[in-house]
Structures are given as structure tokens and as C-alpha cells.
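Below is one structure, written out as C-alpha cells; comments come after it.
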Amino acid sequence: EAGVAQSPRYKIIEKRQSVAFWCNPISGHATLYWYQQILGQGPKLLIQFQNNGVVDDSQLPKDRFSAERLKGVDSTLKIQPAKLEDSAVYLCASSLGGPGYTFGSGTRLTVV
Amino acid sequence: QQQVKQSPQSLIVQKGGISIINCAYENTAFDYFPWYQQFPGKGPALLIAIRPDVSEKKEGRFTISFNKSAKQFSLHIMDSQPGDSATYFCAASSMGANNLFFGTGTRLTVIP
């Protein structure tokens, strides 16, 4: 089966600019996650969707981060405005519903 | 607060040796403990996972040992190979929540 697709692979922006990341989960996977992985650390959950509804966004910095999952399939994560500390790899993952899920290769964001 | 503590931060093992990575947790509600393997530029990939009703699970050269009373679990890689060189993350989640709490990672290097 095709894996979790993410784009772009890399993005460099200046602080205070905006950026968006896209994720296409594995077909049929109802649950979609966005994780942030700062260099040298483990991934940290930003937001979890079940179909097109938000299950958990308690760790999402809502003053600058937003995410949506239209029609319960693709998802977009946006940062506006970006800060230097947002430099990280943004990982999308999907699952049928349980915790054993599949990650995409991620988008590496550098904020300068 | 780090929900899952992982050690060591880095590990160098000779080819054919045993690699051991340890993790500890505090939240007794956790009931799913996976290990992920991550190569540079890739997302984490599920390696092996265990639930607390068993003390050990083996898949090929990879074994998870689980100590419920001590709230600790570990990954053993037998006959370590240079291709095993990667970063390994332990993680934990609780039933129904599905979001994973990751350790800080262990960079394993297997020397030929």
C-alpha cells in the first residue's frame, strides 16, 4: 500500500512569514496526526484528527498554528507567523484507529 | 515534563554484539509500548510493540522486555548489524487516547 505522503520535503522561510504543509494519509485511515520533531528530540503531538474532526489539539500553539482536514482525507498544517523556534521536522502519521500508525517522511522547516 | 525517559542518548556497538536501550515511564494508564526506528531523512517506522499483559516479545533479532512493576521496558537488538545504525525511539500511549508520547531517542552506531 502507498505510504503517508507529505510535501514539501524542505522549506526555508524568514521569521514572521507563513508556511503550509500538506499530508495525504494512507487510504482508508480515519485517524491522522501531526507531530513536531525538533532536532535531537522525539516527536511531539500537535494535533489528532478522527475523520475530519479534531480529537486532541491541546499541544497546538493556536495563536500561530492551525490545521484542517477537509473531507476526512488530506490535511494541511499552517504556521502564521513563524518563529525561529518553529524550526523542526513536521511529521504526519495515519492509522486505522489504533496507536500503531505509519509516519510520512516529514517536512523539514528552517526559520531564519 | 518528559512522560517517557530514554537512555542512553547514544550507543556504539560492534557488529554481532547486543544493543540495549532502556525506557521508563510514570503514567500507569499507559498500556501500549512501541519502539520506532528512524533513519536520517525518514519518518519513524514501527519496529516492535508490546502490551503490559506480557513480559517479553520477540520478533527476529529484536526483543522487548517489559517490567510492569518497575515501569520500565527495554529494546534488545541481538547480533547487531551496520544496517541497524539508526535512531531508536521508545514510546507509550494509553487505551483510547492513541497519541504517542516519545522518548528522546538513542542514536545507535554499529561498527563493522
Inset, instruction - Across the stretch A:5-96, how many lysine pairs, 8 or more positions apart or on different chains, have C-alpha atoms separated by under 23 Å? Please give the number. - result: 14
Legend entry - Test item: A:89-100 mean partner chain Cβ contacts at 10 Å: 3
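Quick one: divide the alpha-carbon radius of gyration of the stretch A:5-96 by 2.2 N^0.38 Å and tell me what you get.
Working: Rg = 12.6 Å, N = 92, 2.2 N^0.38 = 12.3 Å.
The value comes to 1.03.
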Legend entry - For the stretch B:18-67 and the stretch A:13-29, distance of Cα centres in Å: 29
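Give me the tail of P(r) for the protein assembly as shown as a percent: Cα-Cα pairs with distance above 26 Å.
Counting every Cα pair in the protein assembly as shown, those more than 26 Å apart make up 37 percent.
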Legend entry - Other protein chain Cβ atoms within 10 Å, averaged over every residue that makes up B:88-98: 3
Legend entry - B:A45-A:K62 FRET efficiency (beta carbon distance; Förster radius 30 Å; 0.05 resolution): 0.50
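Using alpha-carbon pairs under 8 Å, 6+ residues apart, how would you state the relative contact order of chain A in percent? Don't skip to the end; give the middle numbers.
Numbers: 285 pairs, mean separation 41.7, N = 112.
So the answer I get is 37 percent.
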Inset, instruction - Tell me the label-point distance for the pair A:W22, A:V73, using the 7 Å Cα-to-Cβ offset, in nm and rounded to one decimal. - result: 1.2
Inset, instruction - Rank A:F65, B:I18, B:V54 by how far each Cα sits towards the positive end of the charge dipole of the protein assembly as shown (+1 on Lys, Arg Cβ; -1 on Asp, Glu Cβ) and give me just the farthest. - result: A:F65
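About the Cα centre of the protein assembly as shown, what is the dipole size in debye to 20, counting +1 per Lys and Arg Cβ and -1 per Asp and Glu Cβ, all else neutral?
On the way: 22 positive and 16 negative charges, 86 e Å.
So the dipole magnitude of the protein assembly as shown works out to roughly 420 debye.
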Inset, instruction - For peptide B:38-45, compute the average count of partner chain beta-carbon atoms within 10 Å of each residue's beta-carbon. - result: 6
Inset, instruction - Check the straight Cα-Cα distances from B:K15 and name the aspartates and glutamates below 17 Å, setting aside those fewer than 8 residues away within the same chain. - result: B:D79, B:D84
Legend entry - Within the stretch B:63-77: backbone nitrogen closer than 17 Å to the B:S55 label point (7 Å, Cα to C-beta): B:63-76
Legend entry - Given charges at beta-carbon only (K, R positive; D, E negative), |dipole| of the stretch B:4-111 in Debye: 120
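Read-outs throughout are calculated quantities, based only on the coordinates presented, and are distinct from any laboratory measurement. As the structure is a prediction and not an experimental result, all values here were calculated from the model. Here the Cβ is made from the backbone with ideal geometry for all residues, glycine too, and neighbour counts use every protein chain on show.
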